1. So, restricting to strands (runs of 3 or more DSSP E) that lie completely within segment 22-131, which ones have at least 3 residues that are among the hydrophobic types (A, V, I, L, M, F, W, C)?
2. Quick check on my filter: what residues within segment 34-61 are over 30 Å from residue 233 (Cα atoms) and touching a residue at least 40 places away in the same chain (Cβ under 8 Å)?
3. Could you tell me whether residue 287 is surrounded by fewer than 22 Cβ atoms within 10 Å (Cβ to Cβ) and either among the aromatic types (Phe, Trp, Tyr) or in a strand (DSSP E or B) (or both)?
4. For segment 88-112, what are the residues that are under 19 Å from residue 42 (Cβ atoms), of a type in the set (Lys, Arg) and touching a residue at least 60 places away in the same chain (Cβ under 8 Å)?
5. Can you name the residue in segment 163-186 that is β-branched (Val, Ile, Thr) and surrounded by 12 or more Cβ atoms within 10 Å (Cβ to Cβ) and is also nearest to the chain's Cα centre (by Cα) among such residues?
6. Do we find that residue 191 is assigned by TED's automatic domain parsing to the domain that holds residue 238 and of a type in the set (Lys, Arg) in this structure?
7. Looking at segment 251-262, is at least one residue more than 21 Å from residue 290 (Cβ to Cβ), without any contact (Cβ under 8 Å) to a residue 12 or more places away in the chain and in the same structural domain as residue 300 (by TED's automatic domain parsing)?
8. Among the residues of segment 103-151, write down those that are surrounded by 15 or more Cβ atoms within 10 Å (Cβ to Cβ), among the acidic types (Asp, Glu) and more than 18 Å from residue 37 (Cβ to Cβ).
Amino acid sequence: MYPVKKLQDCATIIAGQSPESKYYNTVGDGIPFFQGKADFGELYPNARVYCTNPTKIAQYNDILLSVRAPVGPTNLSPGKVCIGRGLAAIRPDSSLNLKYLLYYFRYFESQLSSKGTGTTFKAITQKTIKNLDVPVPPIKEQLKIVARIDELFSELDKAIDTLKTTKEQLTVYRQAVLKDFFDSISRQAGRIKDVCKDIKVGIVIKPTQYYVSENGVRAFRNSNVRRGYIDDTEWVTISKDGHELNLRSEVHTNDVLISRSGANLGMAAVVPEQYNGYNAIDVVIAVPDTAKIIPEFLAQYTNSPMGRAIVKKNERGAAQGHLNVSAYANLPICVPELKEQEHLVNQIAERLSVCDSIEKTVDAALAQADAIRQSILKQAFEEKFERKNNVS
């Protein structure tokens with residue numbers, strides 16, 4: 001077994017602290033300010049907010065550890081940055097190789113997450129972080145472990161890149177199918193508001209005040225709305241009282257949800273029956289008048305290249321694209337007779353079902369790749385690698 005040290009005995013630990021909001025900006029003044037996991041990329045975070053009066057600072061290649069909601073994910077600091085209370089910076093001493101410690105945290109992530117406490121947000125304390133056990137083999141052995149992990153990860157990444165390319169090609173094909181069908185519709189257009197009973201938005205004023213970890217009502221966020229389907233992961237739950245106070249944003253079967261911001265901007269999906277009665281946060285909710293338009297037709301039109309181009313043209317917001325309710329309500333739409341809509345929806349579904357089947361296979365393979373990555377790390381830190389060269 002490797003010797004084990006407490007993290008505080010082999011690394012400097014810096015607890016994040018958020019500066020006053022008056023020192024924030026999105027125009028690049030000051031240094032990047034990272035608040036938590038939301039800023040993370042694959043290895044380095046993406047700067048969206050800057051700070052002119054930082055309180056706690058991380059340096060280049062410090063390990064950034066998410067310490068609250070969620071607990072455990074890691075990135076590396078891209079330079080001198082300000083860290084908020086959702087992060088801690090960890091700077092290994094000379095007894096630890098940086099990459100070795102980063103890989104160890106990624107191996108240990110699920111166990112670290114289980115140490116989180118709190119009813120609204122799971123978080124870990126500084127005391128918990130300082131007292132984490134870290135196996136510390138000789139540097140030469142650490143480098144061997146890192147090299148072996150890098151080798152296996154490189155092979156895995158090649159396979160993942162191929163799978164991601166396949167997904168990108170499926171996206172292009174889907175858009176081509178939608179363009180083909182919607183280009184065939186008469187150009188006489190009305191407005192989306194003319195074919196909907198209501199168009200509204202989910203909770204936008206401090207939704208986190210209603211968050212609970214259990215015994216509440218699940219709520220949609222932009223990340224749950226995908227192009228043509230609901231992403232049934234990473235739900236948030238709001239209290240029953242919070243739900244009652246925000247019944248206007250309650251969603252129902254056959255509503256059409258449209259993502260307002262972020263990477264999913266403008267993506268639309270019909271609400272299946274299983275999500276009836278959920279709430280929604282900062283999502284556009286369109287209630288189709290089914291005497292005029294089929295919900296699936298509205299969603300597919302919004303997802304089509306034509307619909308997305310119009311959405312993109314009407315987005316608002318400085319820090320990121322943002323779709324206003326009024327902008328969506330006033331978007332032009334060509335609406336044929338219901339019988340023709342039904343025919344188009346069925347034809348599109350038939351063409352896209354092949355894509356859906358392939359994508360499920362690809363997603364399953366990607367999920368398996370994540371499991372393989374964890375298995376590689378598990379083997380590394382449980383001393384089960386069959387090393388090609390174990391001669392000192």
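The values are calculated or read from the model by the stated rules, or taken from the named source; none is laboratory data. This is a predicted model, so every value here is computed, not measured. Cβ: placed from backbone, ideal geometry, glycine included. Neighbour counts: every protein chain shown.
1. 31-34, 63-67, 81-83, 87-92
2. Selection gives 56, 57, 58.
3. Answer is yes for this residue.
4. 106
5. 171
6. Yes: the conditions hold for residue 191.
7. Scanning segment 251-262 turns up no residue that is more than 21 Å from residue 290 (Cβ to Cβ), without any contact (Cβ under 8 Å) to a residue 12 or more places away in the chain and in the same structural domain as residue 300 (by TED's automatic domain parsing).
8. Residue satisfying the conditions is 141 alone.
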